[in-house]
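Note sheet for the following structure.
The values are calculated or read from the model by the stated rules, or taken from the named source; none is laboratory data. All values derive from a computational prediction rather than experimental measurement. Glycine gets a Cβ as well: all are built from the backbone with ideal geometry, and neighbour counts include every protein chain shown. Just the protein is used for accessible areas: all its heavy atoms, side chains included, with ligands, DNA and RNA removed. Shrake-Rupley method; radii C 1.70, N 1.55, O 1.52, S 1.80 Å.
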Amino acid sequence: MFNKILTVALTILTCASCSAQKANQSQAGEIVGDVYKTQSGKYVSFTFIKHASFEIKYDDVSIQVDPVTKLPPETDYRDFEKADFIFVTHEHFDHFDKDAIAALTGDNTRVILNQRCADMLGHGTAMKNGDKLKLRDDITVEAVPAYNITADRTQFHPKGRDNGYVLNLDGVRIFIAGDTEDIPEMANLKDIDIAFLPCNQPYTMTPQQLSKAARMFQPKVVYPYHYSDTPIYEVEKLLKDTKINVVIKNMK
């Protein structure tokens, strides 16, 4: 599953666009651009917004990850549809934004975050590392550790406070790392199809650390994100001897 068969220089932003690509796909897990086919023939697609903020579309579901408004380039989340689920990894301004959450929240929106952010927001479903939730029959999520391990950086993301997430959408497993270094717990990740891994110092990983992290659990696709001015194309070179497909998007 998940063999890349075609490179298409388009980013598909809507489920309608996903359906339009259906004729180009014949087996579960095939990739066309940034669209991924699930085990029952549905589609997962991504909108890359900025930095650590992106949208996932799956079936009839809209999922927003770490939406923030004022971090350049400023994003007006009123232009997006109301989210079914909003995931927040931790409290830093480039990940947690009450105004963005409010703009995306509709009558049925569920906000999932770590305890610190739940306390700051005043509502939402708090998860701690190791917690698992069934959000729908075909959607589950597990909160996993995200923290710094370098001696002079542990104050940025202390162990046990923040979350990464492993999201399972009808068999497509997506690892959203949050702000973390190449922590040993990554070796416990299994069957990851798509990984979002951060790459900027001093807060997250160097390209070398990202390469080490990816080698620990061997995802099929890596999207480096949260990379600021890091020379991100080094990641491609560092992983060129693997079967990992590194896809660079504008996620500075």
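What to note about this one:
- Of all residues in the stretch 181-200, those that are within 17 Å of Asp131 (Cβ to Cβ) and open to solvent by less than 10 Å² (accessible area, probe 1.4 Å) total 0.
- Checking Lys249, Lys243, Lys212 one by one, the residue that is part of a loop (DSSP other than H, G, I, E, B), more than 19 Å from Asp66 (Cβ to Cβ) and among the basic types (Lys, Arg) is Lys243 and no other.
- Taking the criterion of being open to solvent by 30 Å² or more (accessible area, probe 1.4 Å) and part of a loop (DSSP other than H, G, I, E, B), the residues of the stretch 215-229 that qualify are Gln218, Lys220, Ser228, Asp229.
- One residue from Leu167, Leu104 being farther than 22 Å from Lys252 by Cα and touching a Pro at 6+ places or on another chain (Cβ under 8 Å): Leu104
- Conditions (1) over 17 Å from Pro224 (Cα atoms); (2) open to solvent by less than 20 Å² (accessible area, probe 1.4 Å); number of the one not met by Leu71: (2)
- Hits in the stretch 119-141 (condition: surrounded by 17 or more Cβ atoms within 10 Å (Cβ to Cβ) and in contact with an Asp or Glu (Cβ under 7 Å, 6 or more places away or on another chain)): Asp138
- Annotation note: Cβ proximity below 6 Å between a residue of the stretch 48-64 that is more than 16 Å from Ile194 (Cβ to Cβ) and a residue that is open to solvent by less than 10 Å² (accessible area, probe 1.4 Å) and small (Gly, Ala, Ser) (sequence gap 6+ or interchain) occurs for Ser62/Ala83; Gln64/Ala83.
- Flag for Phe48 being of a type in the set (Phe, Trp, Tyr) and modelled with pLDDT under 95: no
- The residue that is surrounded by the fewest Cβ atoms within 10 Å (Cβ to Cβ), among those in the stretch 84-103 that are assigned to a helix (DSSP H, G or I) and of a type outside the set (D, E, K, R), is Ala102.
- Single condition Ala195 does not satisfy, out of (1) assigned to a strand (DSSP E or B); (2) out of contact with any Ser or Thr (no Cβ under 6 Å at 6 or more places or on another chain); (3) more than 20 Å from Asp34 (Cα to Cα): (3)
- Total residues in the stretch 131-157, condition part of a loop (DSSP other than H, G, I, E, B) and over 25 Å from Asp94 (Cβ atoms): 2
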